[in-house]
């Protein structure tokens, strides 16, 4: 199994992702340029962080780290249950 280490650029916060859920279909949106910055800082090929699995892995790991370091929970109101 290959382990990939992702590097978050200095000064980049989890909130920069601007995660949002579409109230109609439940899909998630985010600022993909933030993931491009993570990919570049991690020196990964341009083909990295393009699949839903890869993106969700990075976002979930970053969120866990954000919360563990005292970061606030999302404050945009209730999240629609799936």
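A short reminder: the numbers here are calculations on the coordinates, not readings from a lab. The model shown is predicted, which means the values in this text are computed figures rather than measured ones. Note that each Cβ is placed from the backbone with ideal geometry, even for glycine, and that neighbours are counted across all protein chains shown.
Values for this structure:
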read-out	value
Within segment 41-64, considering residues that are in contact (Cβ under 8 Å) with a residue 12 or more places away in the chain and assigned to a helix (DSSP H, G or I), the one surrounded by the fewest Cβ atoms within 10 Å (Cβ to Cβ)	61
Qualifying residues in segment 1-40 (those that are touching a residue at least 12 places away in the same chain (Cβ under 8 Å) and assigned to a strand (DSSP E or B)) - the one surrounded by the fewest Cβ atoms within 10 Å (Cβ to Cβ)	20
